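Chemist: If you scroll down you'll find the structure; I have some questions about it.
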Amino acid sequence: MEVYEIAYLFLGLATLVAAGAIINYSRKRSAATPDPDIKKAFRPLYTFAFGLIIFGIGSLITFYGLYNEIVIWQYNVYLNFYYVFYIFTLIELFFLSISAAMIMQQRLIFIFMMIMIAFAGLLVFNAVQTISGVSRVSNIAELYINFGNVLSMLLLGANAVLFLVIANETKRSTSLALGYAMTVQVLAVPRLYCDHLGNSPLLPVEFVFAISILALMGPAMIAFAFLRPDQKISAELIGYGASFAGPVIVISSLFSTGIVVDAQIIALAILGSVAIALASGTASYTYGRWRETRQLPTALLMVIFTSLAAGQIVGMLGSFTIVQGTIPVYFDFVVTSFSLAIFSAIAIIAAGYRTAASIPLLLYIPTAILMVQSYPDPISTAFLNYIYLGIPVLILFFVPVILFARVWRRMKIARTPGRMRPLGMSIGILIYIIIRFTFLLLEFPTLDPGYGLVVIPYAVLWLSITGRLDRL
Amino acid sequence: MYGIFLINDAGETVASVGWENLEGDSALIGGFVSALQMFIKKISGNEINELQFGELKLLIGKAGENYVVTLHAFNDKDAKQHNQEVINFVTERGDDIDDGVLSLVNEMISTETTAEEKEKVRSGIREWTGDASSAAKEWGKKVF
């Protein structure tokens, strides 16, 4: 199975969760107001959520069909695997159109959309008739399917525009998330992946991969937005979406390569995925705080966690040979060590030496450049080649551990509140360095155990940065 | 545009459409127009291009050897433009024109939507989408 095929399972589940979040939100909000007019205004949202439920179920059935390779129409792979998806998308669009018509109070739009849906249904019916008759492999059937897909893309696009217009007016992340989800659903029409023989996608496989990540972010963003409806439009939401999509893609690619037989690897991959979620979640959180406070260290923390999450995803995909060669290892090495160098800089700024904060980067950058030149040798060779530079930089990475620990001691003596934050950072970085650098220099056949174990330092860092460690 | 008449240099009406808006015989107009043009040419060296009577006006133009006469309401703003379109058509088509062709031309030119009508449709659509989007925005404010 391909990664995007497994992604249907998660897409379906996430969509159901998103629908649940919308219903929950509408229920609470409409219960909170005595105004019957506002109570009535939530009806389109319920209808929308119902449409999402249909789509979620459709995705799950599609996954089931793909997973068990159920054959209904052997001469047309698209119809065989995506017939259910197509029909369920049309049913979803039926509810979405009702919702859109209620929102815009336009009967004409509703009638127009219904005609388009009916026409798209008729097209696929005709396509089935054509291939189950004498033709079997039929270009006309292909044409019907393509046109039907264009119709559903237009309708989804119209819904996306509607919610984006509303988001532009209300500046609310909730309607932005709905608009985003509809937009990526347009992108994720399975026709892009699959022709009638199922072997030559219209788009290069890397694009398909990227599109499935974007598509997975949609329902996750809806869920996050409706769980925290008070937030304004911000990139934080995209970060939360990515913190769902990243791990899902890692797990899906693990299944698609078939190395799933090893229980130890599954466990490590799941831990690693949780680590990605924690890292990108922390990145989104720090971005949100930075938008409020505009403090330089907070912005740097966001950069750190974004790069760490990216390194973790690419490194893990490299381990599963989804991304070929040693490039993922090098990428992971560069972004991880870069993040640690910035961590040192932050610690030095926090200790009050603003000018000295540039020293870690001045030392780190030439070392990294020299080591990267050893490509495509294994990273351990690169490290050993420049060990006289590598060791001082490695020591430099321990600077924040010491500095944050000292800050914590001073705060503890002065009994300042919030002192668990530097302690958590200190411990988190220490464990992270020990785990990652030990395993980075060793060679593993599939998955470096470090990718799984880093979930511990990420959890510690997440707890301390979001301030949860103080409340424990 | 109420009618089109095509008159050759001998003063015969070659083809006509819309004579029912006037009274008498359509053959007469050919003789009248060519006689009138001859007379005006003799006294002034020019040709007449417009005649107005009551609620109607005739525009007279030349397409090669033939006269193209079109009948309009006296306040028809597009009269000159329509007349020119008919002239262009006749010049292109040459001698191969009969009543059927003229009535097609008449229909083609007359049913063309005017700028006002287009503007009406446009503003209608604008109003309609405006209603829809303001309803949507209001809904968004209530719900989100």
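The values are calculated or read from the model by the stated rules, or taken from the named source; none is laboratory data. Because the structure is predicted, anything quoted here is derived from the model rather than measured. Positions of Cβ are generated from backbone atoms using ideal geometry, with glycine treated the same way; all protein chains shown enter the neighbour counts. Areas reflect the complete protein model, heavy atoms only, side chains present, ligands, DNA and RNA absent. Shrake-Rupley method; radii C 1.70, N 1.55, O 1.52, S 1.80 Å.
Chemist: Between A:Y82, A:Y86, A:Y78, which is within 27 Å of A:F209 (Cα to Cα), more than 25 Å from the chain's Cα centre (by Cα) and open to solvent by less than 40 Å² (accessible area, probe 1.4 Å)?
Modeler: Sole residue among the options that is within 27 Å of A:F209 (Cα to Cα), more than 25 Å from the chain's Cα centre (by Cα) and open to solvent by less than 40 Å² (accessible area, probe 1.4 Å): A:Y78.
Chemist: Which of the residues spanning the stretch A:30-45 are free of Cβ contacts under 8 Å to residues at least 24 places away in the same chain, part of a helix (DSSP H, G or I) and of a type outside the set (A, V, I, L, M)?
Modeler: Listed by number, the residues that qualify are A:S30, A:P36, A:D37, A:K39, A:K40.
Chemist: Identify, by number, the condition in (1) in contact with a Phe, Trp or Tyr (Cβ under 7 Å, 6 or more places away or on another chain); (2) within 14 Å of chain A (Cβ to nearest Cβ) that B:K57 doesn't meet.
Modeler: Failed condition: (2).
Chemist: Considering each residue of the stretch A:122-153, count those that are surrounded by fewer than 18 Cβ atoms within 10 Å (Cβ to Cβ), modelled with pLDDT of 90 or more and not hydrophobic (A, V, I, L, M, F, W, C), and give that number.
Modeler: Going through the stretch A:122-153 one residue at a time, the tally reaches 1.
Chemist: Against the definition (within 29 Å of A:S252 (Cα to Cα), within 12 Å of another protein chain (Cβ to nearest Cβ) and either touching a Phe, Trp or Tyr at 6+ places or on another chain (Cβ under 6 Å) or surrounded by fewer than 22 Cβ atoms within 10 Å (Cβ to Cβ) (or both)), how does A:I61 come out, yes or no?
Modeler: Answer is no for this residue.
Chemist: On to the next question. Which residue out of A:I233, A:I166 is modelled with pLDDT of 80 or more and either buried (at least 16 other Cβ atoms within 10 Å of the Cβ) or within 14 Å of chain B (Cβ to nearest Cβ) (or both)?
Modeler: Unique residue meeting the criteria: A:I166.
Chemist: Within the stretch B:122-144, take every residue that is open to solvent by 90 Å² or more (accessible area, probe 1.4 Å) and more than 30 Å from A:P34 (Cα to Cα) and give me the one that is farthest from the other protein chains (Cβ to nearest Cβ).
Modeler: Once the filter is applied, the top-ranked residue is B:R122.
Chemist: Look at A:S380 and say whether it is assigned to a helix (DSSP H, G or I), hydroxyl-bearing (S, T, Y) and surrounded by fewer than 19 Cβ atoms within 10 Å (Cβ to Cβ).
Modeler: Spelling it out, A:S380 is indeed assigned to a helix (DSSP H, G or I), hydroxyl-bearing (S, T, Y) and surrounded by fewer than 19 Cβ atoms within 10 Å (Cβ to Cβ).
Chemist: Name the one entry in B:N83, B:N106 that is within 10 Å of the chain's Cα centre (by Cα) and modelled with pLDDT under 85.
Modeler: B:N106 is the lone residue from the list that is within 10 Å of the chain's Cα centre (by Cα) and modelled with pLDDT under 85.
Chemist: Identify the single condition in (1) open to solvent by less than 10 Å² (accessible area, probe 1.4 Å); (2) within 11 Å of chain B (Cβ to nearest Cβ) that A:L156 does not satisfy, given that it satisfies every other one.
Modeler: Here A:L156 meets the rest and fails (2).
Chemist: Going through A:I109, A:I145, A:I140 one at a time, which residue ends up being within 14 Å of chain B (Cβ to nearest Cβ) and in a helix (DSSP H, G or I)?
Modeler: Only one candidate passes the filter, namely A:I109.
Chemist: Every residue in the stretch B:34-50 that is open to solvent by 100 Å² or more (accessible area, probe 1.4 Å) and hydrophobic (A, V, I, L, M, F, W, C), please.
Modeler: Within the stretch B:34-50, B:M38, B:F39, B:I43 qualify.
Chemist: Taking the conditions exactly as written (in a helix (DSSP H, G or I), open to solvent by 50 Å² or more (accessible area, probe 1.4 Å) and not β-branched (V, I, T)), does A:L423 satisfy them or not?
Modeler: Here the answer is no, as A:L423 does not meet what is asked.
Chemist: Scan the stretch A:127-136 and give yes if some residue there is more than 33 Å from the chain's Cα centre (by Cα), of a type in the set (K, R) and within 13 Å of chain B (Cβ to nearest Cβ), otherwise no.
Modeler: no
Chemist: Something else now. Among the listed residues A:A19, A:A7, which satisfies the condition of being under 18 Å from A:G58 (Cβ atoms), within 25 Å of the chain's Cα centre (by Cα), in the same structural domain as A:T174 (by TED's automatic domain parsing) and at pLDDT below 90?
Modeler: Just one listed residue meets the conditions, A:A7.
Chemist: Could you check the stretch B:96-141 and list, in sequence order, the residues that are in a helix (DSSP H, G or I) and in contact (Cβ under 8 Å) with a residue 12 or more places away in the chain?
Modeler: B:D99, B:V101, B:L102, B:S103, B:V105, B:N106, B:I109, B:S110
Chemist: Another one. Being within 28 Å of A:I249 (Cα to Cα) and open to solvent by less than 40 Å² (accessible area, probe 1.4 Å), is that true of even one residue in the stretch A:359-376?
Modeler: Within the stretch A:359-376 (the criterion being within 28 Å of A:I249 (Cα to Cα) and open to solvent by less than 40 Å² (accessible area, probe 1.4 Å)), the answer is no, since none of the residues qualifies.
Chemist: Taking only the stretch A:240-263 into account, find how many residues are in contact with a Phe, Trp or Tyr (Cβ under 6 Å, 6 or more places away or on another chain) and either surrounded by 17 or more Cβ atoms within 10 Å (Cβ to Cβ) or within 14 Å of chain B (Cβ to nearest Cβ) (or both).
Modeler: 4
Chemist: So which of A:I98, A:I38 is more than 12 Å from chain B (Cβ to nearest Cβ), open to solvent by 30 Å² or more (accessible area, probe 1.4 Å), out of contact with any Asp or Glu (no Cβ under 8 Å at 6 or more places or on another chain) and of a type outside the set (S, T, N, Q)?
Modeler: Every option except A:I98 fails the conditions.
Chemist: If you don't mind, another one. Identify, by number, the condition in (1) more than 12 Å from the chain's Cα centre (by Cα); (2) open to solvent by less than 50 Å² (accessible area, probe 1.4 Å); (3) under 19 Å from B:E107 (Cα atoms) that B:V69 doesn't meet.
Modeler: Only one criterion is unmet by B:V69, namely (1).
Chemist: Scan the stretch A:289-333 residue by residue and report those that are of a type in the set (G, A, S) and open to solvent by less than 50 Å² (accessible area, probe 1.4 Å).
Modeler: Correct list: A:A299, A:S307, A:A309, A:A310, A:G311, A:G315, A:G318, A:S319.
Chemist: Next up: Among the residues of the stretch A:22-35 satisfying the criterion of being under 27 Å from A:G58 (Cβ atoms) and hydrophobic (A, V, I, L, M, F, W, C), which is nearest to the other protein chains (Cβ to nearest Cβ)?
Modeler: Applying the filter and picking the extreme gives A:I22.
Chemist: Would you be able to tell me the number of residues in the stretch B:1-14 that are part of a strand (DSSP E or B) and surrounded by fewer than 20 Cβ atoms within 10 Å (Cβ to Cβ)?
Modeler: Number satisfying all stated conditions: 1.
For (1) more than 14 Å from chain B (Cβ to nearest Cβ); (2) open to solvent by less than 20 Å² (accessible area, probe 1.4 Å); (3) part of a helix (DSSP H, G or I), each residue gets a yes or a no:
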position	(1), (2), (3)
A:I6	yes, yes, yes
A:A18	yes, yes, yes
A:I53	yes, no, yes
A:Y67	yes, no, yes
A:V71	yes, no, no
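Chemist: Among the residues of the stretch B:15-54, which ones are among the acidic types (D, E) and assigned to a helix (DSSP H, G or I)?
Modeler: Result: B:E20, single match.
Chemist: Take the stretch A:187-207 and flag every residue that is open to solvent by less than 30 Å² (accessible area, probe 1.4 Å) and either touching a Pro at 6+ places or on another chain (Cβ under 6 Å) or at pLDDT 80 or above (or both).
Modeler: A:Y193
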